[in-house]
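Take this structure, written in structure tokens, and hold onto it; I'll ask about it next.
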Amino acid sequence: MYAIVEDGSRQYRAEVGETIVIDHRDVKLGDALELTKVLLVKDGESARIGQPLVAGAKVIGEVVELPRVKTITQKFRRRKNYRRLKGHTQPYVRVKVKEIVG
């Protein structure tokens, strides 16, 4: 059984027991997280497709990690004394899917 969930402007495939990485929000480790924008629920041969959302469906997960990814951008032109170094830290939330209701 899996579900397609929309969060922000992205769509994720959520299966029970798997982890998904979604955009940052103000939560703590171990908090329960409920994603209600479910676009599709597939269970074996049957599939429920929402128009635009599946009524009564939701994905329940638990926050397991709050990683941060540091991205470095560097520009360099040889012999011109031109060097630029920029850094950006992007926070995420890693969620383990516990249950798919619907």
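Return the sequence-ordered ³J(HN,Hα) values of the range 84-94 in whole Hz as given by the Karplus equation 6.51 cos²θ - 1.76 cosθ + 1.60 applied to θ = phi - 60°, using x for Gly and Pro.
Values per residue, Gly and Pro as x: 10, 10, 10, x, 9, 10, 9, x, 9, 10, 9 Hz.
A further question follows. On a full-extension model of 0.36 nm per residue, what is the gain between Glu15 and Thr73, subtracting their alpha-carbon distance, rounded to one decimal in nm?
17.4 nm is the gain from fully extending Glu15 to Thr73.
Could you point to the residue in Pro67, Ala32, Gly102 farthest towards the positive end of the range 8-102's charge dipole, with +1 and -1 charges on the Cβ of Lys/Arg and Asp/Glu respectively?
Pro67
So which lysines can Lys70 reach, going by Cα to Cα under 22 Å and dropping same-chain residues fewer than 8 places off?
Excluding near neighbours in sequence, the set is Lys28, Lys86.
Under 10 Å, Cα contacts only: if you run a Gaussian network model on the chain, which one of Lys86, Lys58, Lys37 comes out with the highest mean-square fluctuation?
Comparing Lys86, Lys58, Lys37 in a Gaussian network model of the chain, the most mobile one is Lys86.
How far is the Cα center of the range 5-33 from the Cα center of the range 69-102, in Å?
19 Å
Related question: Spin-label point model (7 Å from Cα, Cβ direction): what's the Glu99 to Thr36 distance in nm?
Here the answer is 1.7 nm between the modelled labels.
For the range 66-79, what does the Karplus curve 6.51 cos²θ - 1.76 cosθ + 1.60, with θ = phi - 60°, yield as ³J(HN,Hα) per residue in whole Hz, taken in order and with x for Gly and Pro?
For the range 66-79, the Karplus-derived couplings read 10, x, 10, 10, 8, 10, 10, 10, 10, 10, 8, 10, 5, 6 Hz, x marking Gly and Pro.
Please give the charge dipole size of the chain, origin at the Cα centre, charges +1 on K and R Cβ atoms and -1 on D and E Cβ atoms. Round to the nearest 20 debye.
Roughly 1580 debye, rounded to the nearest 20.
With θ set to phi - 60°, apply the Karplus curve 6.51 cos²θ - 1.76 cosθ + 1.60 along the range 14-21 and write out the HN-Hα couplings as whole Hz, x wherever there is a Gly or Pro.
10, 10, 5, x, 8, 10, 10, 10
Using a Gaussian network model of the chain with C-alpha springs under 10 Å, which one of Tyr92, Tyr82, Tyr12 is most mobile by mean-square fluctuation?
In this elastic network of the chain, the residue with the biggest mean-square fluctuation among Tyr92, Tyr82, Tyr12 is Tyr82.
Calculated from the structure, P(r) over Cα pairs in 10 Å bins from 0, in percent equals which of (1) 14, 37, 22, 12, 9, 5, 1; (2) 14, 39, 31, 13, 3, 0; (3) 17, 56, 25, 2?
Among (1) 14, 37, 22, 12, 9, 5, 1; (2) 14, 39, 31, 13, 3, 0; (3) 17, 56, 25, 2, the one calculated here is (1).
None of the figures in this text is laboratory data; all of them are computed from the coordinates on show. For clarity, every value in this text was computed on a predicted model and none was experimentally measured. Counting neighbours? That spans all protein chains shown, and the Cβs are built from the backbone with ideal geometry, glycine included.
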